[in-house]
Amino acid sequence: MKAPLLVGLSRRAWVPLRTVSSHSVCPHQPVVDEELSAARPYSDVPGPRPLPFIGNTWRLLPVIGQYQVADLAKCSAQFYSEYGHIVKLSGLVGRPDLLFVYDADEIEKIYRTEGPTPFRPSMPCLVYYKSVVRKDFFGDLPGVVGVHGEPWRVFRTKVQKPILQLQTVKKYIEPIEDVTQHFIKRMCEMRDENDEMPADFDNEIHKWSLECIGRVALDVRLGCLDPDLPVDSEPQRIIDAAKYALRNVAILELKAPFWRYVPTPLWTRYVKNMDYFIQVCMKYIDIAVDRLKTKQSVDDRDLSLVERILAEEPDPKTACILALDLILVGIDTISMAVCSILYQLAARPEEQEKIHAELARVLPSADTPLTSRHLDQMQYLRAFVKEVFRMYSTVIGNGRTLQNDTVICGYRIPKGVQLVFPTIVTGNMEEYVNKADEFLPERWLKNSGESLYRIHPFASLPYGHGARMCLGRRFADLEIQILLAKASSGPLVMIYECN
C-alpha cells in the first residue's frame with residue numbers, strides 16, 4: 001500500500017531562519033609552550049581584512065556590506081568558500097574577533113579539552129539586560145542562556161537533574177500528545193481548497209510550540225491553539241516577543257551594535273519584550289507556587305517539572321528564569337526546525353513510505369496513545385529528523401570563547417577570541433560525511449554499514465556537545481517526534497503528489 005503524503009507542505013518554499021546556537025565554551029587544558037611557539041601567528045589567519053578605524057563592521061551593514069547578517073548560514077558558507085577551514089572576522093565594533101572553524105577534528109579537540117564550566121560566545125544584549133537593565137530581578141540567578149562560567153554552573157546545577165531525567169521527560173508524553181492532537185485538528189481545519197496550508201502556517205507552528213513549552217516550563221495550557229486567537233492575546237504576544245528577541249540578536253550584535261552607546265529603537269523594543277517575558281513567567285510561576293502549597297503529595301514521581309524545582313529551591317524566581325530561558329530559545333528554534341522537517345517530509349515520498357511503514361509496525365492504530373516504548377521503536381523517524389538537521393540545520397552552529405591561548409589549524413589563537421563551529425557547513429562537507437549531498441536517513445541507523453555511511457561524530461551537532469549541550473534537548477526531541485508520529489499516522493495525511 002502506498003504511504004500517504006503530508007498535505008500541502010511541499011509547495012511552499014519555506015526558508016527557515018537560521019540562528020546561531022550558544023551551547024558553548026572553551027579549551028580547559030592549556031596548550032604546551034612548544035606547540036604554541038611552533039604555530040603560525042594569529043595575524044596570518046585568513047579572513048576579510050579590516051579597514052583602518054572602521055574595521056569589518058561595514059561589511060555587515062545594509063547596502064554597502066558584502067555579507068548579509070539576516071542569512072548567517074549563507075554568510076558562513078561564503079567564508080568557507082573564500083578562505084578555507086579557518087576564517088577570522090576581526091575589527092567588529094564592541095566585540096571580540098570571531099573565528100570560524102570548519103575542521104571537524106579541530107572542533108572535536110576543543111570540545112574534548114573543555115572544562116566543567118565552559119565559556120561560550122555569550123549574547124551581549126542578553127547579558128547586559130540580565131546583569132544591568134534587570135539586575136534587580138535576576139541578581140545572582142542569571143539562568144542558563146547568555147551566561148557562562150561559575151554563575152552558569154551554579155544555576156544549571158539547580159535545574160539540570162529534573163529537566164534531564166528521562167523519568168521527568170516521559171511524564172510529558174501524554175500532555176504533549178494532547179496538545180499535538182489539538183494542533184493536527186487545527187491543521188485539518190486550516191487547509192484550503194487546494195489542500196494547502198495558509199501562508200502564515202509558520203505562526204501556527206509557533207503556537208503549537210509555545211503550547212508545548214508552556215505545558216512543560218509553566219505547567220499550564222496557554223490556549224495558543226484557539227482558532228480565533230486575537231493578535232493582541234497573551235500567547236500571540238509571547239510568540240512575537242520570542243521571534244523578535246531571537247531573530248534580532250545577530251543584528252544587535254553585529255549589524256547595529258550601537259545600543260551599547262545610545263538606546264536605539266531596536267534595543268528599546270528588545271528590553272520591552274524581555275520585560276514582558278518576565279511578567280508572564282512570574283504570573284504562572286506564582287500560580288504554581290500556590291497550587292503546590294495545597295498539593296497533598298510531594299513525592300517527585302507525582303510532581304511536574306515546575307513543581308519539583310519549586311519544591312527544591314527556596315526562591316521561585318529559579319523556576320521563572322528557567323521558564324524564561326526555555327521559552328526564549330525554544331519557541332522559534334523548535335518551530336523553525338519543525339517547518340524544515342515537515343517540508344522535507346512532504347517533498348520526499350520514499351522516506352514517507354518508510355516512516356509510514358514503521359508507524360504501522362509500532363502502533364496498533366492511529367488513535368493508539370503514545371508511550372515511551374512506542375517512541376523508542378521509531379528509529380527511522382528519528383534518523384529522518386537527524387538527517388534533516390544535518391543537511392538543513394536551523395542552527396548555524398555552536399561556539400566557544402577561548403580561555404587560554406591555543407593552537408587551531410596550526411595557528412596560535414589568543415585567549416578571548418570567540419570560536420564558531422558552523423555545523424550547517426561541516427555537516428555537508430564530503431570530507432566528513434560520505435555522500436554528503438544525498439539525503440540518507442539510513443546513515444544514522446545502527447548497523448547501517450559504517451563504511452557506506454561514514455560521518456564524523458563532530459560534523460553535525462545541532463544541540464552542541466558536552467557540559468553546554470542544550471538543556472532542553474530531550475523535550476525538543478520529544479515534541480518533534482510526537483508531532484511527526486501523529487501527523488504521519490492520523491487524519492492529516494492523505495494521498496497527495498508532491499510537485
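The values are calculated or read from the model by the stated rules, or taken from the named source; none is laboratory data. In this text, all values refer to a predicted model and were calculated from it rather than measured experimentally. Methodologically, a virtual Cβ is constructed for each residue, glycine included, from the backbone with ideal geometry; neighbour enumeration extends over all protein chains shown. Please note that ligands, DNA and RNA were not included when accessible areas were found on the heavy atoms of the full protein model with its side chains. Shrake-Rupley method; radii C 1.70, N 1.55, O 1.52, S 1.80 Å.
Residue 152 falls short on exactly one of the conditions (1) surrounded by fewer than 19 Cβ atoms within 10 Å (Cβ to Cβ); (2) closer than 17 Å to residue 467 by Cβ; (3) aromatic (Phe, Trp, Tyr), and that condition is (1). Keeping to the range 230-255, report how many residues are open to solvent by 30 Å² or more (accessible area, probe 1.4 Å) and hydrophobic (A, V, I, L, M, F, W, C). Result for the range 230-255: 2. Tell me which residues, restricted to the range 118-150, are under 23 Å from residue 94 (Cα atoms), in contact with a Ser or Thr (Cβ under 9 Å, 6 or more places away or on another chain) and free of Cβ contacts under 8 Å to residues at least 40 places away in the same chain. Once the filter is applied, which keeps residues that are under 23 Å from residue 94 (Cα atoms), in contact with a Ser or Thr (Cβ under 9 Å, 6 or more places away or on another chain) and free of Cβ contacts under 8 Å to residues at least 40 places away in the same chain, the range 118-150 yields 147, 149.
Candidates are the residues of the range 420-432 that are at pLDDT 95 or above and among the aliphatic types (A, V, I, L, M); the one that is nearest to residue 87 (Cα to Cα) is 425.
Criterion applied to 207, 170 was being surrounded by fewer than 19 Cβ atoms within 10 Å (Cβ to Cβ), basic (Lys, Arg) and modelled with pLDDT of 90 or more, and the one residue passing it is 170.
So which of 121, 96 is out of contact with any Cys (no Cβ under 7 Å at 6 or more places or on another chain), part of a loop (DSSP other than H, G, I, E, B) and buried (at least 23 other Cβ atoms within 10 Å of the Cβ)?
Among 121, 96, only 121 is out of contact with any Cys (no Cβ under 7 Å at 6 or more places or on another chain), part of a loop (DSSP other than H, G, I, E, B) and buried (at least 23 other Cβ atoms within 10 Å of the Cβ).
Taking the criterion of being assigned to a loop (DSSP other than H, G, I, E, B), out of contact with any His (no Cβ under 9 Å at 6 or more places or on another chain), aliphatic (A, V, I, L, M) and at pLDDT below 90, the only residue of the range 446-471 that qualifies is 452.
Please specify each residue of the range 37-57 satisfying the condition of being modelled with pLDDT of 90 or more and either surrounded by 12 or more Cβ atoms within 10 Å (Cβ to Cβ) or acidic (Asp, Glu) (or both). Scanning the range 37-57 gives 39, 40, 42, 44, 45, 46, 47, 48.
Sort through 136, 178, 195 and tell me the only one that's among the acidic types (Asp, Glu) and not in a helix (DSSP H, G or I). Outline the logic, then answer.
On the way: 136 fails: not in a helix (DSSP H, G or I); 178 fails: not in a helix (DSSP H, G or I).
Going through 136, 178, 195 in turn, the sole match is 195.
Listed here are the residues, each with its yes/no results for (1) more than 18 Å from residue 107 (Cβ to Cβ); (2) open to solvent by less than 30 Å² (accessible area, probe 1.4 Å).
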{"position": "431", "(1), (2)": "no, no"}
{"position": "437", "(1), (2)": "yes, no"}
{"position": "447", "(1), (2)": "yes, no"}
{"position": "458", "(1), (2)": "no, yes"}
{"position": "463", "(1), (2)": "no, no"}
{"position": "476", "(1), (2)": "yes, yes"}
{"position": "480", "(1), (2)": "yes, yes"}
{"position": "484", "(1), (2)": "yes, yes"}
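Residue under question is residue 307, and the condition is that it be over 27 Å from residue 187 (Cα atoms) and open to solvent by 30 Å² or more (accessible area, probe 1.4 Å); does it hold? Against the criterion (over 27 Å from residue 187 (Cα atoms) and open to solvent by 30 Å² or more (accessible area, probe 1.4 Å)), residue 307 does not qualify. Among the residues of the range 100-118, the one identified as open to solvent by 20 Å² or more (accessible area, probe 1.4 Å), closer than 18 Å to residue 46 by Cβ and in a loop (DSSP other than H, G, I, E, B) is 103. Among the residues of the range 316-332, not a single one is open to solvent by 60 Å² or more (accessible area, probe 1.4 Å) and in a helix (DSSP H, G or I).
The condition of being more than 26 Å from the chain's Cα centre (by Cα), under 30 Å from residue 206 (Cα atoms), open to solvent by less than 30 Å² (accessible area, probe 1.4 Å) and at pLDDT below 75 holds for only one of 4, 16, that being 4.
Comparison of 427, 399, 410 shows that the only residue that is of a type in the set (Gly, Ala, Ser), in contact with a strand residue (DSSP E or B) (Cβ under 6 Å, 6 or more places away or on another chain) and open to solvent by less than 10 Å² (accessible area, probe 1.4 Å) is 399. Kindly indicate whether residue 310 is free of Cβ contacts under 8 Å to residues at least 40 places away in the same chain and in contact with a Pro (Cβ under 7 Å, 6 or more places away or on another chain). Yes: the conditions hold for residue 310.
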